[in-house]
Amino acid sequence: MDRYGKTSNGMELTQMEWTGMAIAAMSLAQTAMAIFYRKIRNRFHYKSIYVICFSIMSIGFLLIGLSNNYTQVLLSVMVVGLGAGWLMPNANL
């Protein structure tokens, strides 16, 4: 995929496909982090987990803002997903 969104076979991706890839990337990162939530919960207080989650998500949003192409946006969305992956189970206490 080059910077203009064309794949190696010359097909251009639509806006809906880009959006779907971003949602999928964030969901995969959330799932990966949620798997390890129990280990983190045993080591940290729930308030500390909130601070960690929002810090990771803030870094991800900053990276989204500094992105130059969509590949960087996808990677940054995954960072946001890492923080959200611990935030969701922690909010269900």
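The values are calculated or read from the model by the stated rules, or taken from the named source; none is laboratory data. Predicted model only: the values in this text are computed from it and were never measured. Counting neighbours? That spans all protein chains shown, and the Cβs are built from the backbone with ideal geometry, glycine included. Note: accessible area is taken over every heavy atom of the protein model, side chains too, but ligands, DNA and RNA are not part of it. Shrake-Rupley method; radii C 1.70, N 1.55, O 1.52, S 1.80 Å.
In this structure, is Leu74 surrounded by 15 or more Cβ atoms within 10 Å (Cβ to Cβ), at pLDDT 95 or above and assigned to a helix (DSSP H, G or I)? Please lay out each step first, then the result.
Values: surrounded by 15 or more Cβ atoms within 10 Å (Cβ to Cβ): yes; at pLDDT 95 or above: no; assigned to a helix (DSSP H, G or I): yes.
So Leu74 does not fit the description; no.
Do you know which residues across region 12-31 are open to solvent by 40 Å² or more (accessible area, probe 1.4 Å), farther than 22 Å from Asn90 by Cα, part of a helix (DSSP H, G or I) and not charged (D, E, K, R)?
Gln15, Met16, Thr19, Met21
In region 1-46, what residues are modelled with pLDDT of 90 or more and of a type in the set (Lys, Arg)?
Arg43
Could you list all residues from region 32-71 that are part of a loop (DSSP other than H, G, I, E, B) and open to solvent by 100 Å² or more (accessible area, probe 1.4 Å)?
Within region 32-71, Phe36, His45, Leu66, Asn68 meet the criteria.
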